[in-house]
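Only one structure is covered here, and it is reproduced in the block below.
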Amino acid sequence: MNPAPTLSPVALRLGYSGLIPFVLGALLVWIVLPEAHPYATLALASYGAMIVSFLGGIHWGIGFRESAPEGRLFVWGVVPSLVAWAAVMMPANAGLVILGVMLVVCYLVDRGVYARHGLGHWLTLRFRLSAIASLSCFLGAAGA
């Protein structure tokens, strides 16, 4: 019997460190002076959009590993980037909600994809990161 795959300690550290801009951004939206508020919301939305795009890109990486990849991996891989792009152009109170929802949707899609491709051991980390990141976006939207 093969041992359960372990997560890279580097990936764990980087994943959790990647939450700092989300948490800090959500906090700043609530505490900065009014003249800095647009910068705080843009910073949070921009970072959220980059992460949502990154999550889509993972599907391209999964597809690249396969000898006969499912076309839907590549199709889904661009959807998060397109949604994130639109969200960044919206007013922050709406765009941050879209990004928070997209982080949840990406996780839900990944639950099926990761399991089919032998990557299910990443889902606990993905859940934790997605929960905190999406909550940060929702809190940022509430403060926008």
- Item | Unique residue being farther than 14 Å from residue 126 by Cβ, of a type in the set (Ser, Thr, Tyr) and at pLDDT 95 or above when the list is 39, 16 | 39
- What are the residue pairs meeting all of these: first residue in the range 84-110, first residue free of Cβ contacts under 8 Å to residues at least 60 places away in the same chain and over 21 Å from residue 40 (Cβ atoms), second residue surrounded by 19 or more Cβ atoms within 10 Å (Cβ to Cβ) and of a type in the set (A, V, I, L, M), Cβ atoms under 8 Å, and 6 or more apart or on different chains? 106/52; 106/55; 110/55; 110/58
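The values are calculated or read from the model by the stated rules, or taken from the named source; none is laboratory data. Keep in mind that this is a model prediction, so the values were computed, not measured. Neighbour counts are summed over all protein chains in view; Cβ atoms, including those assigned to glycine, are modelled from backbone coordinates with ideal geometry.
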